[in-house]
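The values are calculated or read from the model by the stated rules, or taken from the named source; none is laboratory data. All of these numbers come straight from a predicted model, not from anything done at the bench. Cβ placement follows ideal geometry from the backbone for every residue including glycine, while neighbour counts extend to all protein chains displayed.
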Amino acid sequence: MLNHIVLMGRLTRDPELRHTQQGTSVASFSLAVERDYSSKDGGQKQTDYIDIVAWRSTADFVSRYFTKGQLVAVSGRLQIRDWTDRDGGKRRSAEVVAENVYFAEGKRNRDSAPDSDYSEAYSVPPIEQGFTALEDDGELPF
């Protein structure tokens with residue numbers, strides 16, 4: 001059996017980061033995803049608004065680097081949840097549990113001011129504390 005979904009769309013709001021009682025990170029956000037076809041009456045494309053939830057390091061990544069309006073690609077699985085509302089009514093909701101979230105546009109497209117240099121737009125993030133760069137002695141370690 002297979003449950004895999006891939007979506008590309010724009011964030012409709014900034015991701016909301018929360019933590020469970022055990023300290024596990026969870027981020028929720030939604031994507032506006034256009035359908036591939038236009039409606040017959042007005043010729044406009046229809047848009048679906050899809051709820052996404054990300055856990056652990058993916059949640060931390062999403063909440064740190066993504067904001068409303070950005071074009072992102074999400075791969076994950078579809079999850080259907082049954083729940084009871086405050087009035088005792090049975091409800092059902094669908095959401096995508098994100099396994100991977102990717103930037104789907106370059107930094108130049110995200111920022112209003114163009115970058116002066118390609119290398120600045122796609123620079124490598126700084127090395128985290130506690131890590132040191134190794135000198136290259138030209139020998140392979142195996």
Query raised in the report: So which residues in segment 40-68 are within 16 Å of LEU7 (Cβ to Cβ) and not in a helix (DSSP H, G or I), if there are any at all?
Result: LYS45, GLN46, THR47, ASP48, TYR49, ILE50, ASP51, ILE52, VAL53, ALA54, PHE66
Requested in this report: Tell me which residues, restricted to segment 5-39, are outside any strand (DSSP E or B) and touching a residue at least 24 places away in the same chain (Cβ under 8 Å).
Outcome: THR12, ARG13, ASP14, PRO15, THR24
Query raised in the report: Does SER119 satisfy being hydroxyl-bearing (Ser, Thr, Tyr), surrounded by fewer than 14 Cβ atoms within 10 Å (Cβ to Cβ), modelled with pLDDT under 95 and in a helix (DSSP H, G or I)?
Result: yes
Requested in this report: Report yes if VAL97 is touching a helix residue (DSSP H, G or I) at 6+ places or on another chain (Cβ under 9 Å), part of a strand (DSSP E or B), within 20 Å of ARG18 (Cβ to Cβ) and not small (Gly, Ala, Ser), otherwise no.
Outcome: no
Query raised in the report: Which residue pairs have Cβ atoms closer than 8 Å, lie 6 or more positions apart in sequence or on different chains, and pair a first residue in segment 40-63 that is closer than 17 Å to GLY23 by Cα with a second residue that is β-branched (Val, Ile, Thr) and outside any strand (DSSP E or B)?
Result: ALA54/VAL62; TRP55/THR24; ARG56/THR24
Query raised in the report: Taking segment 16-33 on its own, how many of its residues are surrounded by 10 or more Cβ atoms within 10 Å (Cβ to Cβ) and either in contact with a His (Cβ under 9 Å, 6 or more places away or on another chain) or farther than 19 Å from LEU78 by Cβ (or both)?
Result: 7
Query raised in the report: In segment 58-70, is there at least one residue being of a type in the set (Val, Ile, Thr) and closer than 18 Å to GLU105 by Cα?
Result: yes
